[in-house]
Amino acid sequence: MAETERKLIDYTCRNFTGALASKKPVPGGGGAAALAGALASSLCLMVGNFTIGKKKYAQYEDDLNHIMGQAEKLRIRLLALIDEDADAFQPLSQAYSIPKDDPSREDVLETATLNACRAPMEMVRCCSEVIDLLLKMLEKGSVLLISDVGCGASICHAALESAAMNVFINTSSLRDRKQAAKLEDDVNRILRDSLQKADLIVETVSRRIRREEE
């Protein structure tokens, strides 16, 4: 199968970053955000895998299994969103190419723009959930991997903000301002809550690894 026909998630790291760097519309910022979110979720899983089975953390075994189960679902979902985001671009691109004097143009463009909001909107929600899991892993995961929890939170912070930008770039051109405002309010609410949590994780990890906190 030709490379252009393959799903983006099946690309090697080399091919994906090469495609991202190329003069192609996809993958773009949305795909990069989803991949970053998946990486953050993977780090959460890594910490759990190194913690499970350790006597010191036996009291957290059930909680860790639950956290890891949720993190795996989010990892898989975020990877799928890379291609879903790319798939939504083509109809939007085609809508913009409709002649401006075509009476159907505005409705087609509105529908395509709204559809283009869906993948990054779900990325926002998924990244928020990953941050919640990392916060739990900070408490219950092995202290030997605390820097990996911090790295996951830092990466997910960027992924969340990046996904939000991809919502906002689309809502800014929606004619239905009520719908646009609802989407933007939802994103801003999640940003306020989740970015604060991500910052808390990073700050806590930084203090501990610098031995500024017992």
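So what's the back-of-envelope 222 nm ellipticity for the chain, counting only DSSP H runs of four-plus at -39500 (n - 2.57) apiece and dividing by all residues, rounded to 500? When only DSSP H runs of four or more count, the value is -27000 deg cm²/dmol.
Evaluating 6.51 cos²θ - 1.76 cosθ + 1.60 at θ = phi - 60° for every residue in the stretch 87-101, the Karplus couplings come out as 5, 6, 6, 4, x, 5, 4, 5, 5, 5, 7, 5, x, 5, 8 Hz, glycine and proline recorded as x. Computed from point charges on the beta carbon alone (+1 for Lys and Arg, -1 for Asp and Glu), the dipole magnitude for the stretch 27-184 about its Cα centre is near 460 Debye.
Ranking CYS126, GLN90, THR113 by how far each Cα lies toward the positive end of the dipole of the chain (charges on Cβ) leaves CYS126 at the top. Against the main long axis of the alpha-carbon atoms of the chain, helix 177-209 sits at an angle near 30°. Taking Lys and Arg as +1 and Asp and Glu as -1, the other residues whose beta-carbon sits under 13 Å from that of ALA180 total -1. Evaluated over the stretch 25-209, the count of Lys pairs having alpha-carbon atoms less than 19 Å apart is 9 (only pairs 8 or more residues apart or interchain).
Quote the FRET efficiency, to the nearest 0.05, computed for ARG177 versus TYR96 with a Förster distance R0 of 22 Å and r equal to the Cβ-Cβ distance. Efficiency, from the Cβ-Cβ distance: 0.65. The Rg/Rh ratio for the stretch 25-209 is 1.09, where Rg is the radius of gyration of the alpha carbons and Rh is the Kirkwood radius. Please give the helix 105-140 orientation as an angle from the longest Cα principal axis of the chain, in degrees from 0 to 90, rounded to the nearest 10. It is inclined by approximately 0 degrees.
Structural descriptor for the stretch 43-186: relative contact order 32 percent, calculated from alpha carbon pairs under 8 angstrom and at least 6 residues apart.
Throughout, read-outs are computed from the coordinates displayed, never taken from laboratory work. On a predicted model such as this, the values are computed, not experimentally measured, just so you know. Note that we place each Cβ from the backbone using ideal geometry, even for glycine, and neighbour counts take in every protein chain shown.
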